[in-house]
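First up is the structure itself, then whatever we jot down about it.
The values are calculated or read from the model by the stated rules, or taken from the named source; none is laboratory data. All values derive from a computational prediction rather than experimental measurement. Virtual Cβ from ideal backbone geometry, glycine too; neighbours counted across all protein chains shown. These accessible areas exclude ligands, DNA and RNA; they are computed on the full protein's heavy atoms, side chains included. Shrake-Rupley method; radii C 1.70, N 1.55, O 1.52, S 1.80 Å.
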Amino acid sequence: MNNIEIIFFEEYKKLDNLCKDLLGSNQGVTQYVNEMEQIPFEKSKLVESWQYDYKMLKHIRWIRNNIAHNNEYSGCNKDDVENIKNFYQQIIEQKDPFSIINEKNKELQEYNEVNRMEEKREIFFVENNKKTRIEFEKILMIVFAIMFIMVILFLPLILFSLVIIL
């Protein structure tokens, strides 16, 4: 193993252990890749770097296997080491694909909850407005009924008064 392969292998082990802890698995990076393969396409579209991350993880796993099995050419370079370090940091900062999906799912749930609350509030106001309108209509009918009764009771008196005056 050359120097870059030794550094790569050490960084890969750190990432692999982090993935094992994160996913509760003994497979690490392999489990992360397997989990990515199980995510529906609609959810994977939520993460811009999904395809890049998926291909990069498969590539570094391939390089790790080449180094571990003492193949003459591992294909390892400094960019591969940087990719491992960057992905490790993404997981730590919760900016890896699964963290992004979880965050967007939370946002969607919060959005849906707010919408449900708005719908409930709207229904309450509509029902409350119906009750208020019905009560107002009842009061209006009573007022008109009283006015009608007053006109009927006082109309003869008013007519009689008019006849006397004229």
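Checking the condition closer than 18 Å to ILE100 by Cβ and modelled with pLDDT of 95 or more, which residue from GLU37, GLU10, GLU82 passes?
GLU37
For the stretch 72-126, which residues satisfy the criterion of being of a type in the set (Lys, Arg) and part of a helix (DSSP H, G or I)?
The answer is LYS78, LYS85, LYS104, LYS106, ARG116, LYS120, ARG121.
When both residues are 6+ apart or on different chains and their Cβ atoms are under 6 Å apart, which pairs have a first residue that lies in the stretch 5-31 and is free of Cβ contacts under 8 Å to residues at least 12 places away in the same chain, and a second that is surrounded by fewer than 19 Cβ atoms within 10 Å (Cβ to Cβ)?
SER25/GLN31
What single numbered condition from (1) at pLDDT below 95; (2) in a helix (DSSP H, G or I) fails to hold for ASP16?
It is condition (1) that ASP16 fails.
With the condition kept exactly as written, say whether any residue in the stretch 29-47 is of a type in the set (Lys, Arg), closer than 18 Å to ILE92 by Cβ and assigned to a helix (DSSP H, G or I).
No, every residue in the stretch 29-47 fails to be of a type in the set (Lys, Arg), closer than 18 Å to ILE92 by Cβ and assigned to a helix (DSSP H, G or I).
Of everything in the stretch 58-92 that's in contact with a Leu (Cβ under 9 Å, 6 or more places away or on another chain) and hydrophobic (A, V, I, L, M, F, W, C), which residue is most open to solvent (accessible area, probe 1.4 Å)?
ILE92
Which residue pairs have Cβ atoms closer than 9 Å, lie 6 or more positions apart in sequence or on different chains, and pair a first residue in the stretch 90-115 that is over 18 Å from LEU18 (Cα atoms) with a second residue that is open to solvent by less than 60 Å² (accessible area, probe 1.4 Å) and β-branched (Val, Ile, Thr)?
ILE101/ILE39; ILE101/VAL47; LYS104/VAL47
Just to be sure before I move on: is TYR52 exposed (fewer than 15 other Cβ atoms within 10 Å of the Cβ), among the aromatic types (Phe, Trp, Tyr), within 28 Å of the chain's Cα centre (by Cα) and within 26 Å of ASN105 (Cα to Cα) in the structure I sent?
Working: exposed (fewer than 15 other Cβ atoms within 10 Å of the Cβ): yes; among the aromatic types (Phe, Trp, Tyr): yes; within 28 Å of the chain's Cα centre (by Cα): yes; within 26 Å of ASN105 (Cα to Cα): yes.
Spelling it out, TYR52 is indeed exposed (fewer than 15 other Cβ atoms within 10 Å of the Cβ), among the aromatic types (Phe, Trp, Tyr), within 28 Å of the chain's Cα centre (by Cα) and within 26 Å of ASN105 (Cα to Cα).
Taking only pairs six or more apart or across chains, which ones have beta-carbon atoms under 8 Å, a first residue in the stretch 57-71 that is farther than 17 Å from ASN2 by Cα, and a second residue that is aliphatic (A, V, I, L, M) and part of a helix (DSSP H, G or I)?
These pairs meet every condition: LEU57/VAL29; LEU57/VAL33; LEU57/MET36; LYS58/VAL33; ARG61/VAL29; ARG61/VAL33.
Out of ASN86, ASN112, ASN65, ASN70, report the one residue that is of a type outside the set (Lys, Arg) and under 21 Å from the mean Cα position of the chain (by Cα).
Among ASN86, ASN112, ASN65, ASN70, only ASN112 is of a type outside the set (Lys, Arg) and under 21 Å from the mean Cα position of the chain (by Cα).
Please state which of the following conditions LYS95 fails to meet, knowing it meets all the rest: (1) closer than 15 Å to PHE8 by Cα; (2) surrounded by 11 or more Cβ atoms within 10 Å (Cβ to Cβ); (3) not acidic (Asp, Glu).
So the condition that LYS95 fails would be (1).
Yes or no, residue by residue, for (1) at pLDDT below 80; (2) among the acidic types (Asp, Glu); (3) over 23 Å from GLN51 (Cβ atoms):
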{"site": "GLN89", "(1), (2), (3)": "no, no, no"}
{"site": "ILE92", "(1), (2), (3)": "no, no, no"}
{"site": "ASN102", "(1), (2), (3)": "no, no, no"}
{"site": "ASN105", "(1), (2), (3)": "no, no, no"}
{"site": "GLU118", "(1), (2), (3)": "yes, yes, yes"}
{"site": "ARG121", "(1), (2), (3)": "yes, no, yes"}
{"site": "VAL126", "(1), (2), (3)": "yes, no, yes"}
{"site": "LEU140", "(1), (2), (3)": "no, no, yes"}
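Kindly establish whether GLU5 is part of a helix (DSSP H, G or I), within 16 Å of ASN102 (Cβ to Cβ) and either open to solvent by 80 Å² or more (accessible area, probe 1.4 Å) or at pLDDT below 95 (or both).
No: the conditions fail for GLU5.
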